[in-house]
Amino acid sequence: MPANPSPVNPGRRALFSLFIFLLSVFLLSIGLSLNAGAQSPAGQPEAKPPRNELGIFAVIPLANGSLKGVTSDRRFYLFGLSYSRLLGHSRVCDVRWTSEIVPVELLSEPFITGTRIQAAASVPPFTETKVTYGMGTNPVGAEVVFLPEKRWQPFTGVHAGISYFTRNALSSHAAQFNFMLDGRAGLRFPLHGGKAISVAYMFQHMSNAYAALENPGVDSHMIHVAYAFPFRFRRAK
């Protein structure tokens with residue numbers, strides 16, 4: 001007799017559906033901006049970039065690394081908002097301060113089947129995938145954008161922050177509160193009106209810094225996609 005196909009994990013189905021929805025909204029907003037820029041005759045980047053920028057971003061996991069973390073088979077999806085302020089400008093590079101709010105964090109991780117205990121790695125059929133929800137912020141960040149007057153602008157940056165999950169993350173004896181540190185490198189593409197999109201490789205480490213009984217940690221290779229637009233503070237009269 002042919003083997004019955006294994007049922008789709010409800011947590012994985014919910015994760016995939018939410019990810020597709022958020023990614024669709026994200027890509028739609030970028031598409032509308034690109035269309036507006038294509039209809040405008042002025043397609044060249046501004047001589048000086050905006051001092052203040054707001055943005056939306058999505059982070060898509062690729063694979064786990066092994067720099068500090070000891071867990072694997074984790075997929076960490078992030079969707080959030082960013083604020084960036086220009087600190088210094090020259091023809092060679094721009095220096096920007098960046099802060100991020102991440103209201104949607106989806107951590108897909110393996111659990112021992114039928115339990116609430118995380119496994120260090122996925123071992124089917126003894127493990128099943130569940131989704132741990134969280135939210136966080138990266139209040140401290142810095143980016144250097146090279147060749148800011150060109151159409152393609154290489155950039156690199158580092159960011160640090162915290163996350164809080166609905167249950168202990170990475171291990172049942174770990175913590176709900178975790179620290180995040182990442183480094184990024186990619187390309188920024190200016191659009192009409194001071195807007196820009198960027199794509200970057202991102203390496204992230206997350207752990208609780210030994211604030212709990214266990215501190216397994218996880219390292220992740222990721223892709224960071226962002227859309228930014230100018231923002232001006234209104235001064236009170």
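FYI, it's all coordinate maths here, none of it is from the lab. Values in this document were obtained by computation on a predicted structure and should not be read as measured data. Neighbour counts run over all protein chains shown; Cβ positions are idealised from the backbone, glycine included.
Observations on the structure shown:
- What you get for region 118-192, charging only the Cβ of Lys and Arg (+1) and of Asp and Glu (-1), is a dipole of about 140 debye around the Cα centre.
- Estimated FRET transfer efficiency when R0 is 30 angstrom, pair Ile162-Val70 (beta carbons, to 0.05): 0.90
- Placing a label point 7 Å from the Cα of Phe189 along the Cα-to-Cβ line, the residues of region 144-161 whose backbone N sits under 20 Å from it are 145-157.
- Qualifying chymotrypsin sites (Phe, Trp or Tyr not before Pro) for region 106-159 [loop in DSSP, other Cβ within 10 Å: at most 15]: Phe126, Trp152
- Restricting region 175-235 to trypsin sites (Lys or Arg not before Pro) in coil, as DSSP defines it, with at most 10 other Cβ within 10 Å: Arg232, Arg234, Arg235
- Alpha carbon Rg of region 149-215, scaled by the compact-globule rule 2.2 N^0.38 Å: 1.57
- Stretching the chain fully between Ile112 and Met135 yields a gain of 5.8 nm (0.36 nm per residue, less the alpha carbon separation).
- Pairwise FRET efficiency - Phe231 versus Val104, Cβ, R0 = 30 Å, nearest 0.05: 0.90
- Computed E for His173/Trp97 - FRET, C-beta separation, R0 30 angstrom, nearest 0.05: 0.25
- Cβ-defined net charge surrounding Val92, 12 Å radius [Lys, Arg +1; Asp, Glu -1]: 0
- Charge context of Asn52, other residues only, Cβ under 9 angstrom, K/R +1, D/E -1: +2
- Count Lys and Arg as plus one, Asp and Glu as minus one, and take only other residues whose Cβ is under 14 Å from that of Phe177; the net charge is then -1.
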